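Read through the structure below, which is laid out as structure tokens, and then see the notes.
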Amino acid sequence: MTSEMINAAASGVWRLGDLDVHRIGFGAMRLTGSAAFHLGTPSDRDRSIAVLRRAIELGVNHIDTAAFYFSSLRSANELINSALAPYPDDLVIVTKVGPYRDYAGEWGTAARPDQLRSHVEENLRQLGRDHLDVVNLRRMGQDSIAEHFGALAELREAGLIRHLGVSDVDPGQLAEARAIAPVVCVQNRYGLGSTAPGTDELLRICGESGIAFVPFFAIAGKGGARGPGGGAAGEGGTESAVLAVAQAHGATPAQVRLAWTLRQGPHVLAIPGTGDPDHLAENVAAGALRLTDDETARLDAVHRAGE
């Protein structure tokens, strides 16, 4: 399929609280390095800025980032600020807090509830904003998220945050958060053939509750790096099915994986990340790829087999 001129609007629209976003967005993590923000060589600054500006030209109005997305020379938030400020009126920037890295990039213990204000303020400084559109609390192994989420709810009441979300949670932890304050999105790992136990239940709950479900690593599959079928090497039947569907549409395997992800419900968004302008255009164009019912059923079958 031709990718270059397809706009993110082709993917449809979902409302995060009172903020309308196209269902294909952009994840900023890969802008700072290669496979992940903490690995590989630093990205080319000019190229990263060009990718961000091109994303806006292609209709992307939902960018996912975090203050802890940085490598030895690059900060995702700083790149976003440099490339896009003053920000378009319709641009929604979603960030997250919870994990902690020191200035050397080393991971520390998860932030305590009383430290979350400083993490929010760091995102505000780096992005050059006086409030954050959406902040996700990334769970860091704790069974209960009530105290941490409650601290963010207080910052929402104070006007530093407009909307709240959660990440890496199970249905019980989502219910715990919703008892404290409204939740507009859930960000968990989810992809074709790569689903943690309970994720499909969480996907259903979000759909019934009007909450956006925003998977990360929707393209990479189980291993976190692309194989020939757009997922992890060794996925076997999943890769074969993805390649067959891709060939039928003249699409890439990554586009098929994204299209399947969006097919899981109108509340499902995608935030594929890349530092490559061509991959960016391909990812955005996946929002226009319409799988047939038979193709979806075939991919659903291999997805269930890979659970």
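The values are calculated or read from the model by the stated rules, or taken from the named source; none is laboratory data. Remember, predicted model here, so these are calculated numbers, not experimental data. With ideal geometry, Cβ positions are generated from the backbone for all residues, glycine too; neighbour counts draw on all protein chains shown.
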For this session: Looking only at the range 171-195, count how many residues are of a type in the set (D, E, K, R) and at pLDDT below 95.
Result: 1
For this session: Quick one: Ala233 ticks every box in (1) at pLDDT 90 or above; (2) in a loop (DSSP other than H, G, I, E, B); (3) surrounded by fewer than 19 Cβ atoms within 10 Å (Cβ to Cβ) except a single one, so which number is it?
Result: (1)
Exercise. Consider Val134 against the criteria (1) in contact with a His (Cβ under 6 Å, 6 or more places away or on another chain); (2) surrounded by 22 or more Cβ atoms within 10 Å (Cβ to Cβ); (3) within 12 Å of Gly98 (Cα to Cα): it satisfies all of them except one. Which criterion is unmet?
Worked result: (3)
Problem set entry | Qualifying residue in the range 92-106 (condition: surrounded by 14 or more Cβ atoms within 10 Å (Cβ to Cβ), in contact (Cβ under 8 Å) with a residue 12 or more places away in the chain, within 30 Å of Met5 (Cα to Cα) and among the basic types (Lys, Arg)) | no
